[in-house]
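A.B. asks: Below: one structure in structure tokens.
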Amino acid sequence: MQNITIETITKEYDVHMGTNIIQEAISLYKEQLVSADQIVIIADRTVVNLHINKLVTPLQTITNGLIKVYEVPPGESCKTIETFYDCHSFLLNENCSRKSVLFAFGGGACGDLTGFVASTFMRGIPFYQIPTTILAHDSAVGGKTAINHSQGKNMIGSFYQPEAVFYDISLLSTLPENEVRSGMAEVIKHALISNPQWVNELFEVQDFSTLTTSNLQEYLCKGIVVKAEIVKDDEFEHGSRKFLNFGHTYGHAIENTIGYGHITHGEAVMIGMVYALMLSEELAELESGFAHKFFLHALKLGYTFDAILTKTYKELFDVMIRDKKASHGDLHFVLLNKIGEPINKIISKEQGHKMDEQLKNWVREESI
């Protein structure tokens, strides 16, 4: 079992990673779990059908208690105010208290929701993250919790760190292709903002299905280490943590206008990264031609960009200007001076429109 320590101002905790490690990892926290008056798993419905006993059984073995499970809708559809309220109602109806413990068992959306529930139930109770997707290697670490609003993604939330993260790579074997692509987009993001050699290595991957378990664990570990270093420096996103939003401003606008759940988060971020790379060539110092090379490679890997052809720039701009990273009517983007060197940059509406049109032209040319 591989351990990565996450250090923040408010808390220090570990990410435990490996294959079939849940029981071993849980045993490290036996004292806290045995003393809990209630243990509740908030789980993605799909994950319940596939994996629930892999968590319930070791928890029961260690605590000798009744483990309660609350199912939520899969994916982004769980990140609503209604589901958030229903989770609180379940905890209250089950007589949970400040001595209760939550487990988030699912993808990034389930983790975001559960973390926000944990942070607000009776002003905060402990919770553990057990991600079941590649995408969640990013969201399960760092303490961002949130639900969505019709006017924007993750607009309602808090910073609240878990007690630990148990990342069992064996749970990833049931992921469909689109979820693998979604998760690998965040892996690629971590490479782009940190390490040109890693980016070159990822360019050699022509098909995600060829990745071995060892490859996957290595890449996920690298991504978590990148995030851990940034979060240690800036837990509450006042400075360098904003670099983790590379590709997200335009990507979140795509998600919002298309409709949450109609495109995966990672697929939207991939579109957003190409857009940001184009802006980086125009407004920063990124080498000319890299954005188009990256775009073509993304197409080979199965990413689709057709979604942007259905939306006008005005629709996207209206969402971007409400983004958490916008201020005083300006669009704040993370760009790259070069691979591994992210910067924050204000762009104008006109500059954004120009790149939107250019990206749409690229997509049209490839569809001919």
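A.B. asks: Placing +1 at every Lys and Arg Cβ and -1 at every Asp and Glu Cβ, with all other atoms neutral, what dipole size does the chain have around its Cα centre, in debye to the nearest 20?
C.D. replies: Working: 31 positive and 45 negative charges, 120 e Å.
Charge dipole, the chain, about its Cα centre: 580 debye, nearest 20.
A.B. asks: Another question about this same structure. Rounded, prolate or oblate: which fits segment 163-262 when a ≥ b ≥ c are the square roots of the eigenvalues of the alpha-carbon gyration tensor, with rounded for a/c under 1.5 and prolate only if a/b beats b/c? Numbers along the way, then the final one.
C.D. replies: Values: a/c = 1.43, a/b = 1.14, b/c = 1.25.
Judged from the Cα gyration tensor, segment 163-262 comes out rounded (a/c under 1.5).
A.B. asks: Towards the positive end of the charge dipole of the chain, with charges on Cβ (+1 Lys, Arg; -1 Asp, Glu), say which of THR210, GLY340, GLY266 has the farthest Cα.
C.D. replies: The listed residue farthest towards the positive side: GLY266.
A.B. asks: Label points 7 Å out from Cα along the Cβ direction at LEU211 and ASP14: separation in nm?
C.D. replies: The modelled label-to-label distance comes out at 2.5 nm.
A.B. asks: Counting pairs of alpha carbon atoms under 8 Å apart in space and at least six apart in sequence, what relative contact order in percent does the chain give? Write out the running numbers ahead of the final one.
C.D. replies: Values: 653 pairs, mean separation 54.0, N = 368.
15 percent.
A.B. asks: Stokes-Einstein at 4 °C, 1.567 mPa s, Kirkwood radius from Cα pairs: D for the chain in µm² s⁻¹?
C.D. replies: Numbers: Rh = 20.8 Å.
Calculated translational D: 62 µm²/s.
A.B. asks: Would you calculate, for the chain, the mean residue ellipticity at 222 nm contributed by helices, counting each DSSP H stretch of 4 or more residues as -39,500 (n - 2.57) and dividing by all residues, to the nearest 500?
C.D. replies: On the way: 14 runs with 174 residues, N = 368.
Value at 222 nm, helices only, nearest 500: -15000 deg cm²/dmol.
A.B. asks: What percent of all Cα-Cα pairs in segment 221-320 falls in each 5 Å bin, counting up from 0?
C.D. replies: With 5 Å bins starting at 0, P(r) equals 2, 12, 18, 21, 21, 17, 8, 1.
A.B. asks: On to the next question. First select every other residue whose beta carbon is under 13 angstrom from the beta carbon of GLN2; then total the charges, Lys and Arg +1, Asp and Glu -1. Kindly include the intermediate steps, with their values, before the conclusion.
C.D. replies: Details: positive: LYS222; negative: ASP14, GLU24, ASP168, GLU218.
Net charge around GLN2: -3.
A.B. asks: Counting DSSP beta bridges in the chain, what percent are antiparallel, to the nearest 5? Show your work: numbers first, answer last.
C.D. replies: Values: 19 of 41 bridges.
Antiparallel: roughly 45 percent of the beta bridges in the chain.
A.B. asks: Can you give the net charge of the other residues whose Cβ lies under 9 Å from the Cβ of THR132, counting K and R as +1 and D and E as -1?
C.D. replies: Details: positive: none; negative: ASP44, ASP168.
My count for the surroundings of THR132 gives -2.
A.B. asks: Further question: Obtain the nm distance between the two label points defined at GLU201 and GLN151 by a simple spin-label model: each point lies 7 Å from its Cα along the Cα-to-C-beta direction.
C.D. replies: 4.3 nm
A.B. asks: Then there is this: Ranked highest first by the average count of other Cβ atoms within 10 Å around their residues, in what order do 100-110, 161-171 fall? Write out the running numbers ahead of the final one.
C.D. replies: Numbers: 100-110: 28.0, 161-171: 22.9.
With the highest mean Cβ count within 10 Å placed first, the list reads 100-110, 161-171.
A.B. asks: Give the carbon-plus-sulfur fraction of the accessible surface of the chain in %, rounded to a whole number; probe 1.4 Å, heavy atoms of protein chains only.
C.D. replies: Details: 7400 of 15140 Å².
Carbon and sulfur together cover 49 percent of it.
A.B. asks: By a straight-distance test (C-alpha under 26 Å), which lysines pair with LYS293 as possible cross-link partners, with residues fewer than eight away in the same chain excluded?
C.D. replies: Reachable lysines: LYS189, LYS222, LYS227, LYS242, LYS311, LYS338, LYS345, LYS349, LYS354, LYS360.
A.B. asks: Using unit Cβ charges (K, R positive; D, E negative) and no other charged atoms, how large, in debye to the nearest 20, is the dipole of segment 150-244 about its Cα centre? Before the final figure, lay out the partial values.
C.D. replies: Values: 8 positive and 14 negative charges, 56 e Å.
I would put it at about 260 debye.
A.B. asks: Hey, another quick one. Just order 64-76, 196-208, 338-350 by mean Cβ neighbour count inside 10 Å, highest at the front, would you? It would help to have the intermediate numbers written out before the result.
C.D. replies: Values: 64-76: 17.5, 196-208: 13.5, 338-350: 15.8.
Result, highest mean Cβ count within 10 Å first: 64-76, 338-350, 196-208.
A.B. asks: Also, quick follow-up: Test of understanding: what is the full-extension gain from ASN93 to GLU350, defined as 0.36 nm times their sequence separation minus their Cα-Cα distance? Walk me through the intermediate numbers first.
C.D. replies: Details: separation 257, 0.36 × 257 = 92.52 nm, distance 5.27 nm.
Length gained, ASN93 through GLU350: 87.3 nm.
A.B. asks: Identify all aspartates and glutamates with a Cα-Cα distance to LYS300 below 13 Å; exclude those on the same chain that are fewer than 8 residues away in sequence.
C.D. replies: Leaving aside aspartates and glutamates fewer than 8 places away in the same chain, those within reach of LYS300 are GLU204, ASP207, GLU366.
A.B. asks: Taking 8 Å as the Cα distance limit and 6 or more residues as the minimum spacing, I'd like the relative contact order of segment 1-86 as a percentage. The partial results should precede the final answer.
C.D. replies: Details: 80 pairs, mean separation 21.7, N = 86.
Relative contact order comes out at 25 percent.
The values are calculated or read from the model by the stated rules, or taken from the named source; none is laboratory data. Computed from a predicted model, the values in this text were never measured in an experiment. Glycine gets a Cβ as well: all are built from the backbone with ideal geometry, and neighbour counts include every protein chain shown. Keep in mind that these areas ignore ligands, DNA and RNA; they rest on the heavy atoms of the full protein, side chains included. Shrake-Rupley method; radii C 1.70, N 1.55, O 1.52, S 1.80 Å.
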